[in-house]
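Working notes, structure below.
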Amino acid sequence: MNINNTKSFIGHCMGAAGALELAGNLPSFDDLIVHPTINVDELDPQCALPGLVSTSRGRQKRVDAILNNSFGMLGINSALIIIRHRT
């Protein structure tokens, strides 16, 4: 499992943040690339997570699901799971 932060690229776009983050992650189903979290110069060891993509993009063998969490101001929160459809 890989973890990234799209908001590091786009900033906080208020109500549009969740949709923009999802749009940034959906291409992973086709190109198998998980973009990194940018602007992480020194990661606190207590915040280090296994699978955190923080320095360069990660290429995967397969991407079957995307979990997009958005936690915004004033309680604008959502979690969406997108699963690859197999034909």
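The values are calculated or read from the model by the stated rules, or taken from the named source; none is laboratory data. These numbers were taken from a predicted model, which means no experiment stands behind them. No Cβ is skipped: glycine too gets one built from the backbone with ideal geometry, and neighbour counts run over all protein chains shown. Side chains included, ligands, DNA and RNA excluded: accessible areas come from the protein's heavy atoms. Shrake-Rupley method; radii C 1.70, N 1.55, O 1.52, S 1.80 Å.
Here are a few things to note about the model shown:
- Label corresponding to semi-axes √(5λ) of the Cα gyration tensor in Å when calculated from the structure given, among (i) 20, 19, 11; (ii) 42, 19, 15; (iii) 30, 15, 12: (i)
- Gain on full extension, evaluated as 0.36 nm per residue between Asn5 and Val40 minus their Cα-Cα distance, stands at 11.5 nm.
- Accessible area of the chain belonging to carbon and sulfur atoms, whole % at 1.4 Å probe: 58
- Using a simple spin-label model with pseudo-atoms 7 Å out from Cα toward Cβ, Gln60 and Leu20 lie 2.3 nm apart.
- Annotation: the antiparallel percentage among DSSP beta bridges lying fully within the chain is about 90.
- Among Ile66, Ile76, Ile38, residue whose mean-square fluctuation peaks in a GNM of the chain (springs only between Cα atoms under 10 Å): Ile76
- Extended-chain gain in nm, criterion 0.36 nm per residue less alpha-carbon gap, Ile33 and Cys13: 4.9 nm
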